[in-house]
Amino acid sequence: MTTRVIDDGSYLEHDGRPAVRFRRHYPGHPVARVWAAVSEPDGLRHWFPSTVRIEPRRGGRIEFADDPHAEPDTGEVLRYEPPHVLAFTWGGDELHLEVAPGTPDDPDADGCTLTLVNVLEARDTAARNAAGWHVCLGELARHLDGHATGGPHAPDAQPWRPVYERYVAAGVPHGAAVPGADATGDDA
């Protein structure tokens, strides 16, 4: 099965705040399968940039750890509506995940569609975060298709830097510090 990219990372505003959005269609994968991959710690470990512990309820605590580019952090679950919607805070950002049957144009199409919206604390993080989610979603597709994955930080994951440079070249706001890079922006 092959993931169909509907939205290759768009910069937009979400409730008046800067955001990046992705849509991926997963033919052959039911909503329940994708929901488990995006909402349960065992599924998230294959593609998400941090280890996650979550209290699966609105107002619950969500904890992030083991990301080589970020300190451990906690957030709050804003929405928890299985098997379709999970939203939570992460630092000053929000992450909204929605799993819907079919495609945006055809809800009866085979499989389901994941929409990921990262509402950003700062506009200049858009290209950096978009590139990160692009790589993460590639790992999610590999996981859903039955391939072993080590997550977005693994040596066999898609390299982040060329993806970041594509978003910058496309005019996505950028300029925020890049974890793992020195003051000149070169990878450390």
Would you confirm whether or not region 165-180 contains a residue that is surrounded by 15 or more Cβ atoms within 10 Å (Cβ to Cβ), modelled with pLDDT of 95 or more, among the small types (Gly, Ala, Ser) and over 17 Å from Gly28 (Cα atoms)?
yes
Can you name the residue in region 103-130 that is in contact (Cβ under 8 Å) with a residue 40 or more places away in the chain and out of contact with any strand residue (DSSP E or B) (no Cβ under 6 Å at 6 or more places or on another chain) and, of all such residues, is least open to solvent (accessible area, probe 1.4 Å)?
Ala127
Would you check which residues across region 10-55 are under 20 Å from Gly92 (Cβ atoms), under 16 Å from the mean Cα position of the chain (by Cα) and among the small types (Gly, Ala, Ser) and list them?
Ala19, Ser50
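The values are calculated or read from the model by the stated rules, or taken from the named source; none is laboratory data. Fair warning: this is a prediction, and the values are worked out from it, not measured in the lab. All Cβ positions, even for glycine, are placed from backbone atoms using ideal geometry, and neighbour counts span all protein chains on display. With ligands, DNA and RNA removed, areas are computed over all heavy atoms of the protein, side chains included. Shrake-Rupley method; radii C 1.70, N 1.55, O 1.52, S 1.80 Å.
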